[in-house]
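Report on one structure; see the data block that follows.
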Amino acid sequence: MLLADDEVLVRAGIRAILAASPDFEVVAEAGDGREAIELARGHRPDVALLDVRMPVLDGLDAAAEMRRAVPGVAVVILTTFSEDEYIAKALEGGASGFLLKSGDPYELMAAIRAVHRGAAFLSPQIAHRLIQQVTGGRMSRRSAARERIAVLTPREREVLTLVGAGLSNAEISARLFLVEGTVKAYVSAILGRLEVRNRVQAAVLAYEAGLIPHD
């Protein structure tokens, strides 16, 4: 794990939460986005937690650059309700998770485990607001989304639905009785055919197309 937040107390709090679980190890801490990228290059962490508002380079720009510099790292953005309008930019940068700083510690651990195994994770409050944003003008968006997913085969649509539900490749493999490598190939093909960058964007498209029920 790499932690990046300009507030020392926030980093100390997160570190204390993670210390309660033996499967987490914090290998580096950064006080700004530029330092986070350099530490990621050196330590090659599995997961990076990035605050949105940091000096020198903010978490959104740092996430995009970090994903280019260290493709194997999964990025989780830490945000507040006043900042969740930036989620779209983070999605473009390749972030896989979004958490509220005020969220439950168990949610933090669940998010880290989810992105580490290749899934996406959104805090429920953020997911609700994001869905509200992306489904403004729902009928026209749904029509456009359904037109986009029309290029998929029935099996690919099935896999996309499970991606949208937040399942990892291993979980989809077990659900559909497929080899995990086959699922990975399906997911890669889906991302390419839909022209989206990551699983979170694919999940949003699945919601827009009506594959995932809206609350």
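The values are calculated or read from the model by the stated rules, or taken from the named source; none is laboratory data. Owing to the predicted nature of the structure, the values given are computational and were not obtained by experimental measurement. FYI the Cβ positions are ideal-geometry reconstructions off the backbone, even for glycines, and counts take in every protein chain you see.
One residue stands out in the range 71-85 among those that are more than 19 Å from H116 (Cβ to Cβ) and either surrounded by fewer than 18 Cβ atoms within 10 Å (Cβ to Cβ) or of a type in the set (D, E) (or both): the one that is modelled with the highest pLDDT, namely T80.
Checking the stated criteria, V10 turns out not to satisfy the condition of being among the hydrophobic types (A, V, I, L, M, F, W, C), more than 25 Å from G164 (Cα to Cα) and part of a loop (DSSP other than H, G, I, E, B).
Can you tell me which residue within the range 165-194, out of those that are at pLDDT 90 or above and not in a helix (DSSP H, G or I), is surrounded by the fewest Cβ atoms within 10 Å (Cβ to Cβ)? Of everything passing the filter in the range 165-194, F177 is surrounded by the fewest Cβ atoms within 10 Å (Cβ to Cβ).
Tallying residues that are surrounded by fewer than 20 Cβ atoms within 10 Å (Cβ to Cβ) and among the small types (G, A, S) within the range 2-47 yields 9. Listed conditions (1) farther than 18 Å from L122 by Cα; (2) without any contact (Cβ under 8 Å) to a residue 40 or more places away in the chain; (3) not basic (K, R) are all met by L162, apart from (1).
Set side by side, the residues E35, E29 differ, and just one is at pLDDT 95 or above and either hydrophobic (A, V, I, L, M, F, W, C) or more than 27 Å from A119 (Cβ to Cβ) (or both), which is E35. For first residues located in the range 53-70 and farther than 12 Å from E35 by Cα and modelled with pLDDT of 90 or more, partners that are surrounded by fewer than 18 Cβ atoms within 10 Å (Cβ to Cβ) and not polar (S, T, N, Q) and lie 6+ apart or on another chain with Cβ distances below 7 Å form the pairs A69/R41; V70/R41; V70/R44.
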